[in-house]
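Every read-out reported here was derived from the displayed coordinates using simple, explicitly stated rules and does not represent laboratory data. All figures in this text were calculated on a predicted structure; none of them were measured in a lab. Please note: Cβ atoms are built from the backbone with ideal geometry, for glycine as well, and neighbour counts cover all protein chains shown.
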Amino acid sequence: MPRGYREPIEKPRRFYKTVDVAPEDGEFAVRLDGRPVRTPTGGRLVLPTRGLAEQVAEEWAAQGEVLEVPRMHATRLANTALAAVASARAETAEVVAGYAASDLLCYWAEAPQALVERQRHRWGPVLAWIEAEAKLSFIRAAGIVHQPQPEATLQQVRELALALDDFSLAGLAFGAALFGSAILAIALQRGWLTGEQAFELSRLDESWQAEKWGLDEEAAERAQRLADEARMLDRWFRALRAA
């Protein structure tokens, strides 16, 4: 057997026929063949809004003969909120603050001028919004040399994150990692940007390079997967805001 060879991981087969959502103690449970879905830690997959539960249920209903678990983004995020964030809120808020400390939107290109202008036109309004609406002040930098952000700003980000419920906090941390930007995640969570807009803004530099040099198949597939996650997160936050 060649060195480094790994047996392919067998995907779990679909073991249910029907998927539905049922009220449960003021929340909403996702059920398979009338039985509750369990999280990886054994808890019940119960969500705070019907919209959120329906989003997760649709992923289960859309599965074929085998379960494509890596593509069940909302289910994985729900499991994270229930099994991890609920018991690690301070640590999750610190993750968001960590992205704020080196936020993508604070690092502007020095050249070419056309890219600088694109960043000014697209990123500038978002930075103005975060300062006016969320009262967060960020320092911009030119180039890639690290620019420390004010500790007062990072503390405000922690407090903003901790003020959210577990599901919103899980989504905020997911978005900060997805975009490389706490600013974009906050703007999406508050409904100021759509998921597609946030994703597009997070890839401003990559899009510029793709326009000049093209995008290979692997990079295009990765971009599509990340765009799907951004759309999922948009729907996630909309379901929470509708509660």
Inset, instruction - Within 10 Å, count the other beta carbons around each residue, average over each peptide in 69-78, 166-175, and list them highest first. - result: 166-175, 69-78
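When you have a sec, figure out the Kirkwood radius of the chain from all distinct Cα pair distances and drop it here in Å to one decimal?
On the way: mean 1/r = 0.0510 Å⁻¹.
Its Kirkwood hydrodynamic radius stands at 19.6 Å.
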Legend entry - Degrees separating the helix 113-133 axis from the principal Cα axis of the chain, which is the longest one: 70
Legend entry - Relative compactness, the stretch 138-181, computed as alpha-carbon Rg over 2.2 N^0.38 Å: 1.35
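Sort 82-89, 145-152, 229-236, 198-205 for me by packing, meaning the mean count of neighbouring Cβ atoms within 10 Å per residue, highest on top. Show your work: numbers first, answer last.
Details: 82-89: 17.4, 145-152: 12.0, 229-236: 22.0, 198-205: 20.2.
With the highest mean Cβ count within 10 Å placed first, the list reads 229-236, 198-205, 82-89, 145-152.
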Inset, instruction - Just grab the label-to-label distance for residue 91 and residue 27, each label 7 Å out from Cα along the Cβ direction, in nm (one decimal). - result: 2.0
Legend entry - the stretch 19-83: mean projected area of Cα convex hull, nm²: 4.1
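Compute the normalised compactness of the stretch 163-222: alpha-carbon radius of gyration over 2.2 N^0.38 Å, N being the residue count. Before the final figure, lay out each step's value.
On the way: Rg = 13.5 Å, N = 60, 2.2 N^0.38 = 10.4 Å.
In units of the 2.2 N^0.38 Å rule of thumb, it is 1.30.
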Legend entry - Helix 204-213 axis, angle to the chain major axis (alpha carbon atoms, nearest 10°): 80
Inset, instruction - Quick one: angle between helix 50-61 and the longest Cα principal axis of the chain, in degrees between 0 and 90, rounded to 10, please. - result: 70
Inset, instruction - Taking just the C-alpha trace of the stretch 88-195, give me its Rg and Dmax in Å. - result: 13.5, 43
Legend entry - Dipole in debye (nearest 20) - the chain, about Cα centre, beta carbon charges: Lys, Arg +1; Asp, Glu -1: 320
